[in-house]
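Heads up: the structure comes next, in structure tokens.
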Amino acid sequence: MSSLLKRIQNQPVATKKAILWVTVVVFGICLFVFWAINFQKKIKELQKGKIFEEIKPPSFDQGMQEGYGDIKEEFENLENLIKEAEKTATSVEQ
């Protein structure tokens, strides 16, 4: 390895620059290929629906049922209050 570095150091500046840029381009291509392969894997997982298994989002129906029960209780309480208010209003008027 050190002999390779010494040989590169003894080259003219233009050759050193060319070697540097070739190394950078090869390294960049390797990173791009690695990124592209991982990107394809993630797209395939997304298409298969595996991502939803990993995230485990709550189902829409389950959330609606839980929320509906709470809202239903509140509406029943509100209706009872309105009926009581009407009864007291009619008893006060008489």
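All of the numbers you see were taken from the coordinates with simple rules; none came from a lab. Quick caveat: nothing in here was measured; it's all calculated off a predicted structure. Ideal geometry is used to build each Cβ from the backbone, glycine not excepted, and the neighbour counts take in all protein chains shown.
Summary table
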quantity: Spatially proximal lysines relative to residue 48 (Cα-Cα < 20 Å; intrachain offsets below 8 disregarded); calculated: 56
quantity: Proximal lysines relative to residue 6, as straight alpha-carbon distance under 18 Å, when same-chain residues fewer than 8 apart are discounted; calculated: 16, 17
quantity: Nearest-20 debye value, region 1-57 charge dipole, Cβ charges on Lys, Arg, Asp, Glu; calculated: 160
quantity: Extended-chain gain in nm, criterion 0.36 nm per residue less alpha-carbon gap, residue 17 and residue 86; calculated: 15.7 nm
